[in-house]
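Every read-out reported here was derived from the displayed coordinates using simple, explicitly stated rules and does not represent laboratory data. A quick note: this is a predicted structure, and the numbers were derived from the prediction, not measured. Note: ideal-geometry Cβ built from the backbone for every residue, glycine included; neighbour counts use all protein chains shown.
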Amino acid sequence: MRVINPVSRTMATIAAVVLGIMMLLTVVDVAGRYFFNHPIEGTYELIGLMLVCAATWGLAYCQIERGHIRIEVLFERFSPGTKAGLNFMSYFIGLCGFFLICWQLLIMAKEYFLLGDTGTTETLGIPYFPFMLILAIGMGMLSLMLLIDLVQSMREAKGSVLTGISVIIGLVVIYWLISQVFAFDRATIGLIGIAVLIILLFLGVHIGFSLIFIGFAGASLVAGMGPALANMSIVTFNKINSFHFAVIPLFLLMSSFVAESKIAREAYETVRAWLGQVRGGLAMATVGSCGLFAACSGSSLAAAITMGKVAYPEMKRFKYGSRLAVGCIAAGGTLGILIPPSIGFIIIGILTELSIGKLFMAGIIPGLLEIVFYFATIYILCKMNPNLGPTGPKTTIGEKVKSLKLTWPIALLFLIIIGGIYQGIFTPTEAGGIGAFGALVIGLIRRKLSRTGISEALMETSKMAALMIILLVGAFMFNSFLAITRITFTASEFIIGLGLSKYLVLTVILFFYVVLGMFFDIYAILILTIPIIFPTIEAMGFDPIWYGVIMVRVVEIGLITPPFGLNLFGLAGTVDVPVGTLYRGIIPFFIADILHVALLIAFPALCTFLPSIM
């Protein structure tokens with residue numbers, strides 16, 4: 001660890017620097033194309049190749065920082081010894097998967113080296129094999145870190161390590177039975193793979209590790225070991241070496257710069273100056289501020305926690321009821337995944353090959369309507385019980401206008417991003433680079449970003465980019481397995497063959513998403529369920545852009561649904577209120593959410609109008 005720690009951090013720092021270069025290259029290319037009609041030749045190729053380093057050299061650092069996502073609903077209930085045993089299992093599964101990817105990438109790099117001039121990029125003629133080696137180094141460092149964690153978990157688990165070993169032996173037995181004893185058809189193998197994946201997730205195996213493991217094991221059962229091994233390196237390199245994948249780290253970088261600029265309190269002060277003097281105005285200001293911050297950070301939980309620290313003390317100072325105060329904070333945080341730019345929409349676009357720009361546009365009207373629904377809820381509650389939201393201090397027109405200086409640069413930045421995508425001036429990936437650069441410039445001009453803040457934003461983005469890329473690579477491997485089993489198409493045909501109303505099927509699916517949102521992170525839900533459910537939605541004739549909005553919306557409802565909503569638990573640890581008060585406070589906003597979703601289902605044009613006129 002004395003060697004691995006500094007090496008991993010150095011690699012993550014290099015990844016962060018490369019990410020900064022990607023941002024600058026994107027801005028220069030767009031400016032050259034738009035203002036001088038002279039873009040940089042091969043920019044897309046360069047950004048895709050740089051992403052290989054930017055997204056994977058932070059993998060080991062992400063593991064050291066315990067950044068990889070797992071489902072902790074059951075895992076947290078186990079004893080420390082059992083947790084260590086299950087960690088042993090998780091690290092073993094991850095080690096096997098990433099070692100195989102590293103090994104196959106080295107083989108692939110050798111093959112491309114021997115190809116010579118044919119193994120190069122199309123425009124610039126850059127050889128691929130050095131970047132395959134860079135990717136293999138990132139995967140190898142993660143494998144080494146997992147090996148160290150594996151040994152450490154054995155020491156901590158002691159006798160409980162048998163729990164993890166038992167599960168591993170069970171997986172080997174299942175694999176042997178399927179491959180040697182039972183002649184299952186492909187669809188049955190697909191169902192077994194989904195079942196084993198669910199078991200591993202609830203046992204606390206990290207999501208990316210589980211997806212890669214099941215994707216490889218399932219593909220080897222159906223297509224053979226050779227094609228399954230080759231598929232690991234092909235999927236990994238082709239997906240990471242992609243200009244379109246760069247949209248994720250670039251928007252994450254923008255979010256990090258905005259978060260480091262301390263925009264949350266300033267957004268709250270601006271909205272409070274305009275709405276604070278009306279009854280319930282501070283609660284309305286909190287909703288608007290939560291939406292802005294969540295859109296910047298890409299995390300509704302982070303928005304709820306941050307605004308809990310900023311807005312809750314202010315509302316209590318002006319004698320607001322605790323139920324209204326915590327309810328509007330928890331609900332307001334869910335706005336961020338719907339209002340563009342949204343990482344949720346980016347993930348949906350990547351996994352389904354839908355236009356990310358159209359998904360962004362589709363979220364604007366529903367996002368504004370959600371704010372209206374929350375404002376109406378607050379108004380009705382304060383009308384029924386004026387003590388819940390007393391009027392705040394009045395502000396003059398001059399003070400209102402003066403408050404705009406706090407947030408107008410960020411608001412202008414978002415308008416430029418959305419307007420540029422809408423008008424076709426730049427792609428969503430380029431919008432991420434422009435947004436990140438704009439956030440950096442705004443932070444520097446306003447002296448809200450120091451050298452340390454920039455460094456921390458870059459390092460945090462390096463870690464988050466590694467996390468998201470591994471999740472998506474795992475999703476594509478798992479998707480490949482499902483595709484060759486045809487289980488999703490078989491399920492679609494079965495559901496349609498039942499002759500049920502498609503809206504009844506949709507209702508069941510949406511209820512399922514609300515339940516998942518009570519337990520899981522939204523990104524985990526999208527990555528796990530889209531490959532399985534999306535083909536059914538398309539087969540039933542629903543508009544995929546519209547469904548993308550509905551899916552994001554109902555998952556966010558799950559985050560504030562008692563008794564397990566993640567936003568509620570995050571907020572409970574931030575503000576000093578009983579959990580029962582949180583539950584009662586969220587109920588009116590939950591009802592508003594249900595009405596909002598019903599409106600979007602009844603009038604799909606609310607989601608599809610703006611994308612249709614792009």
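Divided by 2.2 N^0.38 Å, where N counts the residues, the Cα radius of gyration of the range 4-242 comes to 1.16. Pairs Lys239/Lys405; Lys309/Lys402; Lys383/Lys502; Lys83/Lys262; Lys262/Lys400; Lys158/Lys239: which are spaced more than 30 Å apart, C-alpha to C-alpha? Table pairs above 30 Å Cα-Cα are Lys239/Lys405; Lys383/Lys502; Lys83/Lys262; Lys158/Lys239. Out of Thr396, Pro341, Thr377, whose Cα points farthest toward the positive end of the dipole of the range 295-407 (charges: +1 Lys, Arg; -1 Asp, Glu; placed on Cβ)? Farthest along the dipole direction, towards plus: Thr396. Within the range 238-390, all pairs of alpha-carbon atoms sorted by distance into 5 Å bins from zero give the percentages 2, 10, 18, 20, 17, 12, 8, 6, 4, 2, 1, 0. Kirkwood radius and radius of gyration were both taken over the C-alpha atoms of the chain, and their ratio Rg/Rh is 0.97. The range 181-205 and the range 509-568 have Cα centres lying 22 Å from one another.
Here the chain is treated with +1 on each Lys and Arg Cβ and -1 on each Asp and Glu Cβ, and its dipole about the Cα centre works out to around 1920 debye. Can you bin the range 467-527 into rounded, prolate or oblate? Criterion: square roots of the alpha carbon gyration tensor eigenvalues sorted a ≥ b ≥ c, rounded for a/c under 1.5, prolate for a/b above b/c, oblate for the rest. Since a/c reaches 1.5 but b/c is at least a/b, the shape of the range 467-527 is classed as oblate. In plain terms, the C-alpha convex hull of the range 196-244 casts an average shadow of 4.0 nm² when viewed from every direction. By the beta-carbon count within 10 Å of each Cβ, the least crowded to most crowded order of Ile533, Ile329, Ile40, Ile240, fewest first, is Ile40, Ile533, Ile240, Ile329.
By the rule of a C-alpha distance below 14 Å, with chain neighbours fewer than 8 residues away ignored, the aspartates and glutamates paired with Lys316 are Asp576. Can you tell me how the range 370-417 classifies by the Cα gyration tensor, rounded, prolate or oblate, using a/c under 1.5 as the rounded cut? Oblate, because a/c is 1.5 or more while a/b does not exceed b/c. Exposure proxy for Ser8, Ser179, Ser492, Ser289: other Cβ atoms within 10 Å of each Cβ, ordered fewest to most, give Ser179, Ser492, Ser8, Ser289.
Counted by neighbouring Cβ atoms within 10 Å, the residues Val508, Val18 run from fewest to most as Val508, Val18. The alpha carbon centroids of the range 456-479 and the range 66-140 are separated by 11 Å.
By the gyration tensor of its Cα atoms, with a ≥ b ≥ c the square roots of the eigenvalues, what is the shape of the range 421-465: rounded for a/c under 1.5, prolate for a/b over b/c, or oblate?
On the way: a/c = 4.89, a/b = 1.54, b/c = 3.17.
It is oblate, given that a/c is not under 1.5 and a/b is not larger than b/c.
Under a model in which nothing but the beta-carbon of Lys, Arg (+1) and Asp, Glu (-1) is charged, the range 4-242 shows a dipole of about 660 debye around its Cα centre.
Of all aspartates and glutamates in the structure, the ones whose alpha carbon falls short of 19 Å from that of Lys463, not counting any fewer than 8 places away in one chain, are Glu65, Asp149, Glu260, Asp521.
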